[in-house]
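Following: one structure in structure tokens, then a few remarks.
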Amino acid sequence: MKPVLAKDQTALVDRLKGACGGAYTPAQRRKYFLTGPQWAAAYEGHALFHAPTRRPVGYEEVIREYAKIGIGHWTTHDTDVIPTDGLGNARQDEIVAGIAKALKENGLQCSMVTTETFHHAVWAGSPAAEAPEVREYAKWRLANTVRIGHELGASYAVYWPGSLGYFVQGAVEETETLRWYADGLNAACEADIAEAKKRGRPTLKHCLEAKPFEPQAEILLPTSDAMLAFIFSGLLKHPDMVGLNPEYLHELMWGSAVRAALARALLCGKLFHFDINDGYRLKHDVDIAVGLVNPLDWLNVLVLLRTHNYNGPFNLDYKPPRTTSNYGVFAVSFPTAVDRFITLWEMAGEVSADPVIKEASEALRAGGGGNPKDVEGIVEANRELLTLHELISHRIFQILVGQHRGRAYSV
Ligand code: GLT
Ligand code: MN
Ligand code: MN
């Protein structure tokens with residue numbers, strides 16, 4: 001086989017991407033509340049055992065490329081764009097002004113801001129560490145991010161307390177640490193209330209994001225359910241301002257049914273924001289792009305969200321694989337991820353409207369008309385009806401692969 005020379009490779013990628021078809025236009029993509037993280041596009045492919053494979057990318061390029069694709073919103077950590085020693089001083093003002101300009105020029109909005117409380121050495125003992133100065137600094141960082149959010153027009157703030165935990169046991173007292181963590185969130189909410197008032201804007205929606213493992217060995221708030229308990233624990237001064245940002249893969253990582261985790265958040269009125277990606281059960285946080293591993297499960301997740309009129313952001317929190325080039329990140333990775341999401345979302349609409357599923361679901365809810373006082377009679381009255389569970393599941397598979405529209409295979 002003839003080698004494909006470097007100079008011919010992008011043309012090949014473009015041609016094969018075109019041959020895939022099925023792409024939506026930027027205008028169509030902009031109709032969905034899709035948000036693109038700075039850190040996802042700028043991820044250089046590095047990990048504990050992996051050297052980077054891509055060159056660094058700044059916010060100007062990310063915002064410009066997201067705009068071209070049709071991703072209408074941008075999200076960031078404070079230190080994705082501002083060096084730690086530039087936070088809260090003139091350097092921050094200069095960068096934030098530059099971001100506001102880039103967003104405006106490209107027709108994008110900043111939807112969410114988040115504070116990096118896991119990477120820098122100051123967080124070695126977590127943002128709720130024993131030393132009061134660490135906690136005071138954490139409060140200042142959270143309040144500073146809230147102010148940046150208001151300045152950029154954001155509506156959401158996310159908190160991933162991944163460093164809230166430990167490697168070795170006994171030194172960290174869990175209840176004390178969780179109280180201190182609540183103090184940090186309370187400070188963020190109070191700063192938000194003051195800033196929102198000053199600017200005549202609504203307060204932000206503060207969203208907690210759980211991940212069961214990484215980077216600590218043991219995590220104090222490992223799941224969305226643990227976070228719901230924390231929100232309603234009485235430790236928060238403004239529990240109404242605080243909800244969840246579940247991540248699809250983070251729920252799968254501990255073995256949850258993602259749909260069930262989301263359902264519990266919906267019942268509590270706390271599904272504020274949703275990180276969309278994919279991966280494998282009971283493994284580490286591989287952050288694969290949406291729909292590449294579990295498309296059927298994803299379809300079911302979106303049916304639930306559509307049914308409950310979820311209208312918050314879908315944040316593309318995944319990592320383009322390190323085999324994808326800088327060019328590929330924007331030419332292939334993001335547009336195809338967005339298009340799979342849109343396809344699955346529209347397909348979820350077809351599931352809800354499907355006559356077979358509708359009739360079967362209604363029949364199941366009507367029941368078989370058995371006498372509630374006759375246990376054997378109830379079983380008999382429902383025996384044939386319950387076969388519809390499996391039929392519904394088969395029908396959803398057919399919708400996923402297009403068989404409901406007559407797609408056939410020669411056998
Ligand atoms: C980090 C984490 C993500 C979170 C980010 C928000 S940080 O990349 O793995 O899942 O959404 O802070
Ligand atoms: Mn996430
Ligand atoms: Mn993740």
(request) Report whether or not Tyr310 is of a type in the set (Ser, Thr, Tyr), more than 16 Å from ligand 1 (Cβ to nearest atom) and under 15 Å from the mean Cα position of the chain (by Cα). (result) yes
(message) If I ask for residues that are within 13 Å of ligand 1 (Cβ to nearest atom) and more than 12 Å from Leu316 (Cβ to Cβ), which ones from the stretch 278-287 would you list?
(response) Gly279, His284, Asp285, Val286
(message) For the stretch 208-225, give me the residue count where each residue is touching a Pro at 6+ places or on another chain (Cβ under 9 Å) and either more than 30 Å from Glu151 (Cα to Cα) or not acidic (Asp, Glu) (or both).
(response) 11
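For the stretch 199-215, enumerate the residues that are closer than 12 Å to Ile231 by Cβ and within 12 Å of ligand 2 (Cβ to nearest atom). Lay out the reasoning, then the answer.
Residues of the stretch 199-215 closer than 12 Å to Ile231 by Cβ: 206-208, 210.
If the condition is that a residue be closer than 12 Å to Ile231 by Cβ and within 12 Å of ligand 2 (Cβ to nearest atom), then Cys207, Leu208, Ala210 are the ones that fit.
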(message) With the condition being touching a residue at least 60 places away in the same chain (Cβ under 8 Å) and within 22 Å of Arg322 (Cα to Cα), I'd like the helices (runs of 4 or more DSSP H) fully within the stretch 31-118 carrying at least 3 qualifying residues.
(response) 59-69
(message) Restricting to the stretch 364-398, name every residue that is in contact with a Leu (Cβ under 8 Å, 6 or more places away or on another chain) and either part of a helix (DSSP H, G or I) or of a type in the set (D, E, K, R) (or both).
(response) Leu364, Leu385, Leu386, Leu388, His389, Ile396, Phe397
(request) Name every residue in the stretch 123-168 that is within 18 Å of Leu244 (Cα to Cα) and not in a helix (DSSP H, G or I), in order of residue number. (result) Ala154, Ser155, Tyr156, Ala157, Val158, Tyr159, Trp160, Pro161, Gly162, Ser163, Leu164
(request) Spot the failing condition for Glu190; the list is (1) in contact with a His (Cβ under 6 Å, 6 or more places away or on another chain); (2) surrounded by fewer than 20 Cβ atoms within 10 Å (Cβ to Cβ), and only one is missed. (result) (1)
(message) Looking at the stretch 141-170 only, could you name the residues that are surrounded by fewer than 16 Cβ atoms within 10 Å (Cβ to Cβ) and over 22 Å from the mean Cα position of the chain (by Cα)?
(response) Phe167, Val168, Gln169, Gly170
(request) Find the residue count for the stretch 28-53, including only residues that are more than 20 Å from Ala154 (Cα to Cα) and in contact with a His (Cβ under 9 Å, 6 or more places away or on another chain). (result) 2
(message) Which residue is farthest from ligand 1 (Cβ to nearest atom), if the candidates are limited to the stretch 89-116 and must be within 21 Å of Thr203 (Cβ to Cβ) and among the small types (Gly, Ala, Ser)?
(response) Ala100
(message) Among (1) in contact with a strand residue (DSSP E or B) (Cβ under 8 Å, 6 or more places away or on another chain); (2) surrounded by fewer than 20 Cβ atoms within 10 Å (Cβ to Cβ); (3) of a type outside the set (S, T, N, Q), there is one condition Lys211 misses while meeting the rest; what is its number?
(response) (2)
(message) All but one of (1) free of Cβ contacts under 8 Å to residues at least 40 places away in the same chain; (2) within 15 Å of ligand 1 (Cβ to nearest atom) hold for Asp275; state the number of the condition that does not hold.
(response) (1)
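Let me confirm something: among Val329, Val351, which residue is away from ligand 2 (no atom under 16 Å from the Cβ), within 19 Å of Trp39 (Cβ to Cβ), surrounded by 19 or more Cβ atoms within 10 Å (Cβ to Cβ) and modelled with pLDDT of 95 or more? If you could, list the steps in order and put the result at the bottom.
Working: Val351 fails: within 19 Å of Trp39 (Cβ to Cβ).
Among Val329, Val351, only Val329 is away from ligand 2 (no atom under 16 Å from the Cβ), within 19 Å of Trp39 (Cβ to Cβ), surrounded by 19 or more Cβ atoms within 10 Å (Cβ to Cβ) and modelled with pLDDT of 95 or more.
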(request) Kindly list the number of the only condition in (1) of a type in the set (A, V, I, L, M, F, W, C); (2) over 19 Å from Thr117 (Cα atoms); (3) free of Cβ contacts under 8 Å to residues at least 24 places away in the same chain that fails for Met227. (result) (2)
(request) Go through the stretch 126-151 residue by residue and tally those that are out of contact with any Phe, Trp or Tyr (no Cβ under 9 Å at 6 or more places or on another chain) and in contact (Cβ under 8 Å) with a residue 12 or more places away in the chain. (result) 12
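Select, from Glu218, Glu190, the only residue that is touching a Lys or Arg at 6+ places or on another chain (Cβ under 8 Å), away from ligand 2 (no atom under 16 Å from the Cβ), touching a residue at least 24 places away in the same chain (Cβ under 8 Å) and not polar (S, T, N, Q). Explain how you work it out, then say what you get.
Values: Glu218 fails: touching a Lys or Arg at 6+ places or on another chain (Cβ under 8 Å).
Only one candidate qualifies: Glu190.
Taking the stretch 31-68 only, how many residues are among the β-branched types (Val, Ile, Thr) and within 19 Å of the chain's Cα centre (by Cα)? Quick ask: steps written out before the conclusion?
Pass one, the stretch 31-68, residues among the β-branched types (Val, Ile, Thr): 35, 53, 57, 62-63.
Adding the requirement that they be within 19 Å of the chain's Cα centre (by Cα) leaves 35, 62-63.
The total comes to 3.
Could you run through the stretch 16-30 and say how many residues are assigned to a helix (DSSP H, G or I) and surrounded by 10 or more Cβ atoms within 10 Å (Cβ to Cβ)?
From the stretch 16-30, those assigned to a helix (DSSP H, G or I) are 16-20, 26-30; that's our starting set.
Okay, now just the ones that are also surrounded by 10 or more Cβ atoms within 10 Å (Cβ to Cβ), so 16-17, 20, 26, 28-30.
Adding up the residues that qualify gives 7.
The values are calculated or read from the model by the stated rules, or taken from the named source; none is laboratory data. The structure presented is a predicted model; accordingly, all values stated were derived computationally and were not measured. All Cβ positions, even for glycine, are placed from backbone atoms using ideal geometry, and neighbour counts span all protein chains on display.
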